[in-house]
Amino acid sequence: MPVSLCGSWDMVSNVNFEGYMIALGISLYTRKIALKIKHRKVIEQVGDRYVVKTLSTFRNYTFSFRVNEEFQEFTKGLDDRNCKSLVAWEGNKLVCIQKGEKKNRGWAHWIEDDKLHLELHCEDQVCKQVFKRVV
Ligand code: ECB
């Protein structure tokens with residue numbers, strides 16, 4: 001059983017979020033705001049269902065899924081696209097593939113050195129975020 005990602009996590013670094021947002025077609029105006037804010041990730045698990053909340057002073061995004069079960073994702077308040085998403089464990093990484101209009105889109109979460117890591121990718125862009133546990 002992989003280590004639990006559950007809990008509340010505050011962003012400590014965010015590398016190439018700009019490139020990721022450009023790949024998603026986010027406007028310059030929204031990117032300017034989005035680049036300034038820190039995200040809090042809240043991950044909860046009830047049975048085999050996960051709830052992942054990305055919270056900030058600007059926008060919040062919440063979604064919920066079962067591992068190994070494809071679902072319809074609408075990225076409301078982000079790029080507002082529909083994806084067919086599938087989340088699965090690959091070793092110690094929780095990996096999501098987001099099939100839709102954008103090629104090579106997805107993310108992976110894992111724990112390393114007591115930090116929550118998140119790699120977001122879209123087209124040829126990779127954004128790397130690291131979060132520390134909220135105490
Ligand atoms: C919800 C906080 C968003 C802050 C930025 C707000 C607007 C920018 C608009 C679009 C950017 C598109 C997506 C990047 C935004 C947040 C990154 C996390 C989104 C995500 O899918 O996280 C996964 C993995 O934790 C769970 O949904």
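For the pair residue 74 and residue 49, a Förster radius of 22 Å applied to the C-beta separation gives a FRET efficiency near 0.80, rounded to the nearest 0.05. Full extension of the chain between residue 6 and residue 134 yields a length gain of 44.9 nm, computed as 0.36 nm times the residue separation minus the alpha carbon distance. Once the C-beta distance of residue 31 and residue 95 is scaled by a Förster radius of 35 Å, the resulting FRET efficiency is 0.85 to the nearest 0.05. Can you tell me how the chain classifies by the Cα gyration tensor, rounded, prolate or oblate, using a/c under 1.5 as the rounded cut? It is oblate, given that a/c is not under 1.5 and a/b is not larger than b/c. For the range 6-46, the normalised intensity computed at q = 0.18 Å⁻¹ comes to -0.61 (log10 of I(q)/I(0), Debye sum over alpha carbons, equal scatterers, no solvent).
Taken together, the values in this text are just the output of simple stated rules run on the coordinates, not laboratory data. As the structure is a prediction and not an experimental result, all values here were calculated from the model. FYI the Cβ positions are ideal-geometry reconstructions off the backbone, even for glycines, and counts take in every protein chain you see.
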